[in-house]
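For reference, the structure discussed in these notes is given below.
The values are calculated or read from the model by the stated rules, or taken from the named source; none is laboratory data. Keep in mind that this is a model prediction, so the values were computed, not measured. Positions of Cβ are generated from backbone atoms using ideal geometry, with glycine treated the same way; all protein chains shown enter the neighbour counts. SASA here: full protein model, heavy atoms, side chains in, ligands and nucleic acids out. Shrake-Rupley method; radii C 1.70, N 1.55, O 1.52, S 1.80 Å.
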Amino acid sequence: MNLPLAGFAQIAEGLGHTLRPLLWCSATPSAQVEQQAYETIVGELLERLEQVKKGLDGVYLDLHGAMVTEHLEDGEGELLRRIRSVVGDAMPVVVSLDFHANVSPIMVELSDALTVYRTYPHVDMADTGRRAGALLNHLLAGHTLHAAYRRLPFLIPLTWQCTLTDPMRTLMEAVRSRVGGPIRNLEFVPGFPLADIHDCGPTLLTYADNQDSAEDTADALLALLVSREGEFRERLYTPKEAIAVAAESDPKLGPVVFADTQDNPGAGGHSDTTGILKCLIEHRVPDAVVGVVYDPEVAAAAHRAGTGAPIDVDLGGKSGFPGDTPLRATFLVKALGNGRFRGTGPFYAGCDMQLGPMALLSIDGVRIVVSSRKQQAADQAEFRHLGIEPAEHRILVLKSSVHFRADFEPIAARVLVVESPGPNVADPARLPFRRLRAGVRLRPMGPPFRPPPE
Ligand SMILES: [Zn+2]
């Protein structure tokens, strides 16, 4: 699978190491991790680590890096502190992180090396695990890595972080090109801009054979990244503007994809807002597909009614997000599915999906893929499961910010990032931050953050 742990296991076993697996879990993100969940899972992990620690040479952790809990701003930093309290300071500890990690100084200090995805869409998750394995092996051979850490002075909106396009594409290449000689590993980490914490934002990490090389390279790369701040941009369309653009597009070139970024469940969205859907119906769009809408009640109603039956339901809009309401209408049930299928695109490659009962509904020219579990619309298999061939439709509305591009850009005539009410606010300058560092620009070339009065 395309997961860091899979890549790590492959390289570590190839190098002849014996693995002592402890625990692995994940969730579709939304708001803070509950304190009880954090303490239960971390408690179990530490207990298992305690049991195997005598025979260990090193520790590898497959973490995200932007975890905020009810009681901690830096969930991973605290986890590393507790792991050190079990294994001590001398044990090599290497961590792989997501591209959206908000890396804190504590995370750098308490690990021997951090390595981070370099692609968004994240098609290199397994590769990052392999890199972590190589770094751990380097440490086990007796070498030391000296780290330097820098923060960028601005946040980068999610949709501007895509590494398929500039400036991110060439910035990532520029950073990678500096590896060599005493410089062992370099990471430019764009971060998760929606977290209201002190350490939110992009960081730069350098690892070298000596501290001077690490610091000098960090300074040079930071200057390069800051010098290109003005190149970040991405237009946001209203649903109406996007429909007008799609109407002008030649159908022979493939579908026009609308990225419903503000409802992206991978970034904490509920995956059920109805803004764009209502606009499609209102404008009598002849052919559009919307997915994946999370609504277990409607999926159950469709399964009760059966294929070919009409159902009167309130679809979506159930999180109570301001400006969004359910769509009350009569839909026709076109197809049903059990939500079990395998990802086929580069991002979800090999991933066994379990989205619960699914249904394809239609209303006028619009078809809606409904699921009983939240999953980012980033793989064509999520549509084919219900008999929809994405390339054959005029408009595809995908609840995703960037990951969909891995599987859908090759079939799309155009991609438009569309703004409709939802919690994954596309422009961080509109977020009511309180705890961020004063002076950080809220987007490239944007206004600096001023903390509200106490
Ligand atoms: Zn990510």
Val313: net charge of surrounding residues, Cβ under 9 Å, Lys/Arg +1, Asp/Glu -1, itself excluded?
-3
Nearest 20 debye, what's the magnitude of the dipole of the range 4-231 about its Cα centre given +1 on Lys and Arg Cβ and -1 on Asp and Glu Cβ?
580 debye
For the chain, with +1 on Lys and Arg beta carbons and -1 on Asp and Glu, the positive-most of Leu436, Tyr120, Val290 along the dipole
Val290
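Tell me, what are the semi-axes, in whole angstrom and largest first, of the equivalent ellipsoid of the range 239-418 as set by the roots of 5 times the Cα gyration tensor eigenvalues? Present the calculation step by step, with values, prior to reporting the outcome.
Numbers: eigenvalues 91, 73, 51 Å².
Ellipsoid half-lengths, sorted descending, are 21, 19, 16 Å.
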Do the sum for the chain: with -39,500 (n - 2.57) for every DSSP H run of n ≥ 4, divided by all residues, what is the mean residue ellipticity at 222 nm, to the nearest 500 deg cm²/dmol?
-8500 deg cm²/dmol
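Give Lys240/Lys399; Lys53/Lys374; Lys252/Lys374 a once-over and call out the pairs whose C-alpha atoms are over 26 Å from each other. Working shown, then result.
Details: Lys240/Lys399 17 Å; Lys53/Lys374 37 Å; Lys252/Lys374 32 Å.
Flagged as over cut-off: Lys53/Lys374; Lys252/Lys374.
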Percent antiparallel among DSSP beta bridges confined to the range 239-418, rounded to 5, stands at 55 percent
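Give me the extension gain from Thr307 to Thr330: residue separation times 0.36 nm, minus the current Cα-Cα distance, reported in nm with one decimal. Can you show the working numbers first?
Working: separation 23, 0.36 × 23 = 8.28 nm, distance 1.41 nm.
Extending this stretch completely gives an extra 6.9 nm.
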Computed label-point distance, nm, for sites Val245 and Glu13 using a 7 Å Cα→Cβ extension
4.5 nm
Rounded to the nearest 10 Å², the accessible area of Arg131 using a 1.4 Å probe with every protein chain kept is 50 Å²
Between the alpha-carbon centers of the range 69-88 and the range 130-182, tell me the distance in whole angstrom.
23 Å
On a 1.4 Å probe surface of the protein chains, which of Met107, Met67 comes out largest in accessible area, and what is the full order?
Met67, Met107
Which whole-angstrom value gives the distance between the alpha carbon centres of the range 105-122 and the range 388-403?
32 Å
With every protein chain kept in place and ligands, DNA and RNA left out, what is the accessible area per residue of the chain? Probe 1.4 Å, answer in Å².
42 Å²
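According to the square roots a ≥ b ≥ c of the eigenvalues of the Cα gyration tensor, what is the shape class of the chain, taking rounded for a/c under 1.5, prolate for a/b larger than b/c otherwise, and oblate for the remainder? Could the numbers behind the result be given before it?
On the way: a/c = 1.93, a/b = 1.58, b/c = 1.22.
Prolate.
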Ordering Leu110, Leu398 by how much accessible area each has at a 1.4 Å probe, largest first, what is the list?
Leu110, Leu398
Sorting Met67, Thr18, Phe321 by the position of each Cα along the dipole of the chain (Lys, Arg +1; Asp, Glu -1; all at Cβ), the one nearest the positive end of that ordering is Phe321
Tally the DSSP beta bridges in the chain and give the antiparallel ones as a percent, rounded to 5.
55 percent
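Using Cα pairs under 8 angstrom and six or more residues apart, how large is the relative contact order of the range 335-412, in percent?
Values: 131 pairs, mean separation 23.0, N = 78.
Relative contact order comes out at 29 percent.
Over the chain, what relative contact order in percent results from Cα pairs under 8 Å that are six or more residues apart? Before the final figure, lay out the partial values.
Working: 1015 pairs, mean separation 77.1, N = 454.
In percent, rounded to a whole number, it is 17.
Determine the dipole magnitude for the chain: charges of +1 sit on the beta-carbon of Lys and Arg, -1 on that of Asp and Glu, nothing else is charged, the reference point is the Cα centre, and the result goes in debye to the nearest 20. Please report the intermediate quantities before stating the final value.
Values: 44 positive and 56 negative charges, 103 e Å.
Here the size comes out at about 500 debye.
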In the full protein assembly as shown, how much of Lys318 is accessible to a 1.4 Å probe, in Å² to the nearest 10?
80 Å²
With r as the distance between the Cβ atoms of Glu392 and Thr165 and R0 = 25 Å, compute the FRET efficiency 1/(1 + (r/R0)^6) and round to 0.05.
0.45
Just how far, in whole angstrom, is the range 268-321 from the range 415-454 if you go by their alpha carbon centroids?
29 Å
The farthest towards the positive end of the charge dipole of the range 143-230, of the residues Pro202, Leu164, Pro182, given +1 on Cβ of Lys and Arg and -1 on Cβ of Asp and Glu, is Leu164
